[in-house]
Amino acid sequence: MHAPLVIASVLASWTLASGIARADKPTLVALAPARDARKAVAIGPAGQVYQPDGKGAWVRTQAGGVAEELVSASTIGTTVIAGAKGAPPFKLKGGAWTALNLGLKVKATIGNGSRPLAIVGTSVFALDKRQPVKLPNVPTTVTSVMAAGASARGVVIATDQGLLRLAGKIFKPLAKAPKTVRMLIDDRWALVDRGALDLKTMKPFVWPAGVQIVEATTIGNDFVGVSMHGKTIELITIKAGKVARETVPIDNAKPVVGVVVDKQARVAIALRDGRIALREKGTWTVSEVREELAAPKPGPEPAESP
C-alpha cells in the first residue's frame, strides 16, 4: 500500500479545485466525536477545522483543507476521520489532512458508529488503525450510503440481500432482522420507517408524532437522535427501553449536521449555519463558530486526492 497523500496547507481565501468556495460565513458539515462532547471538532465542507477553545466556543485558527467536499466525520483517539463526496476518506492528525489510500481513485462510503469503516464496492476497510485494515469482503451489493455500522462489538452491513453481521472471517445474515433499514447507526441500532430498531433484541421503537430523526448516534447501549420538525429541534433518547424527548432551545433552526454525546450526559449539536448547541448539567447554550486566522502567506494550491 502506498503512503498517504499529504494535503498541503492553503490560504484561507482559496476557491477549491472541486468548485467548493469558502463562504464568508462559516458553514459546517459534521461534528467529529470526542469523549467529552465539549471537545468535539466541527468540520467545514472544505476541511475547515474548528477546535473548542475551552470557553464554550469553537474557533478556526489554522488555514488549510482538502480539495474535495467533506460530508461526515468520526474520531479514533485524537484523529479525525472524514468522509468525502466521491473520494477516499481523509484523516486529520497534527493539524494536517491526509487522504487514506484505499486504491487508485476510489470512491468510498464511510460507515456510522464508533469504529469507522470505509466501503469500496464489496470491500470493507476498518479505519481505526494507523493504516486501513482490510476486512472480509461483503458477498453482495451494499445498498446505500447509510449502510454500514460498527463499534468495538461488531460490524453490520446493509446489502440487497438483507443485513449481514461480520462473524469471524465471513459476513452472515443477521437473524430476524428486516431486509431493509433507513440507516445503520452502529452495529446495534438502526433507523427504520417511523422509528428505531434495537438489532440486539430486535425490539422496534415507534416515534411519537412529529419526531423526524435527522442525525443520530449512540452512547453505550443507548440511542441518541436529533429530530427536526419545521423549526423545532428535539433531542430523542432511548434508554432502558424508554423513549424520551427534550426540546433544544435554538431560534430559527437550520439543518442539523452532527450530534455528539458523552457519558456525563453532555450533548453537542451542530447546525449547518455554524451554530453549536451544547447541553451541560441540563442547561443548553448556543455558540457560533468563528475564524481567527493568521495573515495569509504565499503557498501552493491544494493537492488533489489520489
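The values are calculated or read from the model by the stated rules, or taken from the named source; none is laboratory data. In this text the structure is predicted, and so the values were computed from the model without any measurement. Heads up, the Cβs are rebuilt from the backbone with ideal geometry, glycines too, and the neighbour counts pull from every protein chain shown. Side chains are part of the model used for accessible areas, which takes the heavy atoms of the whole protein and leaves out ligands, DNA and RNA. Shrake-Rupley method; radii C 1.70, N 1.55, O 1.52, S 1.80 Å.
Can you name every residue in segment 139-175 that is more than 22 Å from the chain's Cα centre (by Cα) and either crowded, with 21+ Cβ neighbours inside 10 Å or in contact (Cβ under 8 Å) with a residue 12 or more places away in the chain (or both)? It would help to see each step written out before you state the result.
Restricting attention to segment 139-175, the residues satisfying the condition of being more than 22 Å from the chain's Cα centre (by Cα) are 139-141, 160-162, 167-175.
Pro139, Thr140, Thr141, Asp160, Gln161, Gly162, Lys169, Ile170, Phe171, Pro173, Leu174 - these are the residues of segment 139-175 that are more than 22 Å from the chain's Cα centre (by Cα) and either crowded, with 21+ Cβ neighbours inside 10 Å or in contact (Cβ under 8 Å) with a residue 12 or more places away in the chain (or both).
Residues that are assigned to a loop (DSSP other than H, G, I, E, B), out of contact with any Leu (no Cβ under 7 Å at 6 or more places or on another chain) and small (Gly, Ala, Ser): does segment 158-170 have at least one?
Pass one, segment 158-170, residues assigned to a loop (DSSP other than H, G, I, E, B): 160-161, 168-169.
Remaining after also requiring out of contact with any Leu (no Cβ under 7 Å at 6 or more places or on another chain): 160-161, 168-169.
Within this subset, residues satisfying the condition of being small (Gly, Ala, Ser) are 168.
Yes, because at least one residue in segment 158-170 is assigned to a loop (DSSP other than H, G, I, E, B), out of contact with any Leu (no Cβ under 7 Å at 6 or more places or on another chain) and small (Gly, Ala, Ser).
With a cut-off of at least 2 residues that are under 16 Å from the mean Cα position of the chain (by Cα) and touching a residue at least 24 places away in the same chain (Cβ under 8 Å), name the strands (runs of 3 or more DSSP E) lying wholly within segment 221-281.
Numbers: elements: 222-229, 232-239, 242-248, 256-261, 267-271, 275-280.
The qualifying strands (runs of 3 or more DSSP E) are 222-229, 256-261, 267-271.
All but one of (1) under 18 Å from the mean Cα position of the chain (by Cα); (2) surrounded by 14 or more Cβ atoms within 10 Å (Cβ to Cβ); (3) in a loop (DSSP other than H, G, I, E, B) hold for Pro178; state the number of the condition that does not hold.
(1)
List the number of the failed condition for Gly77; all other conditions in (1) among the small types (Gly, Ala, Ser); (2) over 16 Å from Ala148 (Cβ atoms); (3) open to solvent by less than 30 Å² (accessible area, probe 1.4 Å) hold.
Going through (1) among the small types (Gly, Ala, Ser); (2) over 16 Å from Ala148 (Cβ atoms); (3) open to solvent by less than 30 Å² (accessible area, probe 1.4 Å) one by one, Gly77 breaks only (3).
With Val248, Val259 as the choices, which residue is open to solvent by 10 Å² or more (accessible area, probe 1.4 Å), of a type outside the set (Asp, Glu) and at pLDDT 95 or above? Break it down stepwise before answering.
Details: Val248 fails: open to solvent by 10 Å² or more (accessible area, probe 1.4 Å).
After ruling out the rest, the residue left standing is Val259.
In segment 93-114, what count of residues is obtained for those that are in contact (Cβ under 8 Å) with a residue 60 or more places away in the chain and either open to solvent by less than 30 Å² (accessible area, probe 1.4 Å) or part of a loop (DSSP other than H, G, I, E, B) (or both)?
Taking segment 93-114 and keeping what is in contact (Cβ under 8 Å) with a residue 60 or more places away in the chain, we get 96-101, 104-105, 111-114.
With the extra rule that they be either open to solvent by less than 30 Å² (accessible area, probe 1.4 Å) or part of a loop (DSSP other than H, G, I, E, B) (or both), the set shrinks to 97-101, 104-105, 111, 113-114.
Residues that pass the stated criteria total 10.
Restricting attention to segment 42-56, which residues are open to solvent by 10 Å² or more (accessible area, probe 1.4 Å), more than 16 Å from Pro89 (Cα to Cα) and touching a residue at least 40 places away in the same chain (Cβ under 8 Å)? Quick ask: steps written out before the conclusion?
To start, the set of residues in segment 42-56 that are open to solvent by 10 Å² or more (accessible area, probe 1.4 Å) comprises 45, 48-49, 51-56.
Now drop any that are not more than 16 Å from Pro89 (Cα to Cα), which leaves 51-56.
Matches in segment 42-56: Gly56 only.
Can you pull out the residues in segment 27-56 that are in contact with a Lys or Arg (Cβ under 7 Å, 6 or more places away or on another chain) and closer than 18 Å to Val226 by Cα?
If the condition is that a residue be in contact with a Lys or Arg (Cβ under 7 Å, 6 or more places away or on another chain) and closer than 18 Å to Val226 by Cα, then Leu28, Ala37, Arg38 are the ones that fit.
In segment 181-207, which residues are touching a Pro at 6+ places or on another chain (Cβ under 6 Å) and buried (at least 18 other Cβ atoms within 10 Å of the Cβ)?
Passing the criteria: only Leu197.
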